[in-house]
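The values are calculated or read from the model by the stated rules, or taken from the named source; none is laboratory data. Since we're looking at a predicted model, the values are computed, not measured. Note: ideal-geometry Cβ built from the backbone for every residue, glycine included; neighbour counts use all protein chains shown. With ligands, DNA and RNA removed, areas are computed over all heavy atoms of the protein, side chains included. Shrake-Rupley method; radii C 1.70, N 1.55, O 1.52, S 1.80 Å.
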Amino acid sequence: MDKLLGPRVEHLIVDQPGLLSDIVAEALELPKAFVLELLRFGAIFCSAVPPPMNPEASRKDLKRAVPRRALQDVAVPRRAYVRVHVHPIRYPAAYTTDWKARIVSKGAGYVVVDKPAGVPVVHSTDNVIESSLTCVAQALGEEEPLRATHRLDTCTSGLAVLGRTQEFVAAFNRMLRSERTPRPLRKLYRSLSASEPPLGTLVHWAAVGTRRLGWPDHTLLHADSAPGRLRCELEVLTRERVRLGPGAAAAGWAPAEAWEAVVELRTGRTHQIRAQLAACGAPLLGDTLYQRLAPCAAARAPADEAWRLEVTDCQGLFGEVGTAVFEASLPWWRDE
């Protein structure tokens, strides 16, 4: 195309009723084929009326003004509000992954997938196509959409449990929240650091979603609790020197060996492993957020993997009476 597509997000008020794709194409001077692709991606939202300017608007008016994702090319009325994400976030790894080969286990209510790095578990605001939920459903030929039970960072590879039914999701989430001892569900991760991580339990207090000028949103750790801070606890169970493989060399990492740790999460905070190990002097290789001078060549970084899931009281959720154990494949940085 000869000219730029414009700002990342555009807001429109419809002057004349018409077909959504025609209205967006004309207003933003975009090819209609491109607008139809935005619709397929779920990057266009609309509501019957614009958001109210009156802070005392009725609940009915507020409900009518909530933008909904438009997944079909529909007719929209005059005065409708349209929000267009012209440049959706893209996840190319969704197309280079053999999703069927990545399925670790499946049952009536669930699918366990070994998610690649670079693909989110759930849909982003402007992209419902390139997510694990959509890609796994397509690989299995599912008629109903899959449901998320928990999340992994987009850059984290490894096991994600997806629900086929709402009943499974509710039961699995009760397990995640359980405070019984021993815990009915354990999540073990692999991480890779140039420096030797400390063994044992690490506890910090986190301000999640911290914003600073020039920084993306991140988790800021503190030694003490305070209002608004969340407890972060993990345990480094083992650590060993491992030889790195071709994937690490392709990422631009200089060392031939590094420290691989097995970490058990006791809490589930945003970027928890990355932030806590960096705070202890063992930042993950390739992490450019918590290790500010890290090499930027690593397309798959940072190096962590949701490696093992142990469910000790299945309650029939995974087709077992006792224990169910799932493991991801060897991490991409290892030399097999």
Discussion item. Where the second residue is assigned to a helix (DSSP H, G or I) and the first is of a type outside the set (A, V, I, L, M) and lies in segment 157-176, which pairs have Cβ atoms under 7 Å and are six or more apart or on separate chains?
Written reply: G163/V169; G163/F172
Practice prompt. Among the residues of segment 250-281, write down those that are surrounded by fewer than 16 Cβ atoms within 10 Å (Cβ to Cβ), within 18 Å of C155 (Cα to Cα) and of a type in the set (A, V, I, L, M, F, W, C).
Written response: A250
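Report whether or not A258 is aliphatic (A, V, I, L, M), under 16 Å from L330 (Cα atoms) and modelled with pLDDT under 90. Steps first, answer last, please.
Values: aliphatic (A, V, I, L, M): yes; under 16 Å from L330 (Cα atoms): yes; modelled with pLDDT under 90: no.
For A258, the condition - aliphatic (A, V, I, L, M), under 16 Å from L330 (Cα atoms) and modelled with pLDDT under 90 - is not met.
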Worksheet item: Looking at D126, D153, D98, which one is at pLDDT 95 or above and of a type in the set (D, E)?
Response: D98
Discussion item. Just the residues that are of a type in the set (G, A, S) and under 16 Å from V122 (Cα atoms), please, taken from segment 87-104.
Written reply: A93, A94
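Answer yes or no as to whether K63 is at pLDDT 95 or above, more than 22 Å from L28 (Cβ to Cβ) and among the basic types (K, R). Break it down into steps so the answer makes sense when it comes.
Values: at pLDDT 95 or above: no; more than 22 Å from L28 (Cβ to Cβ): yes; among the basic types (K, R): yes.
In short, no.
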Worksheet item: Since Q138 meets every condition but one in (1) open to solvent by less than 30 Å² (accessible area, probe 1.4 Å); (2) part of a helix (DSSP H, G or I), which condition does it not meet?
Response: (1)
Worksheet item: Any residue at all in segment 302-320 that is open to solvent by 50 Å² or more (accessible area, probe 1.4 Å), modelled with pLDDT under 85 and acidic (D, E)?
Response: yes
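What about G163, is it open to solvent by 30 Å² or more (accessible area, probe 1.4 Å) and either of a type in the set (V, I, T) or farther than 27 Å from T288 by Cα (or both)? Break it down stepwise before answering.
On the way: open to solvent by 30 Å² or more (accessible area, probe 1.4 Å): no; either of a type in the set (V, I, T) or farther than 27 Å from T288 by Cα (or both): yes.
Here the answer is no, as G163 does not meet what is asked.
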Worksheet item: Do we have any residue at all in segment 76-84 that's at pLDDT 95 or above, touching a Pro at 6+ places or on another chain (Cβ under 8 Å) and in a loop (DSSP other than H, G, I, E, B)?
Response: no
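Quick one: would you say L199 is surrounded by fewer than 17 Cβ atoms within 10 Å (Cβ to Cβ) and touching a strand residue (DSSP E or B) at 6+ places or on another chain (Cβ under 6 Å)? Please lay out each step first, then the result.
Details: surrounded by fewer than 17 Cβ atoms within 10 Å (Cβ to Cβ): yes; touching a strand residue (DSSP E or B) at 6+ places or on another chain (Cβ under 6 Å): yes.
Answer is yes for this residue.
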Practice prompt. Could you please find all residues in segment 67-89 being among the hydrophobic types (A, V, I, L, M, F, W, C), more than 11 Å from A48 (Cα to Cα) and open to solvent by less than 60 Å² (accessible area, probe 1.4 Å)?
Written response: A70, V74, V84, V86
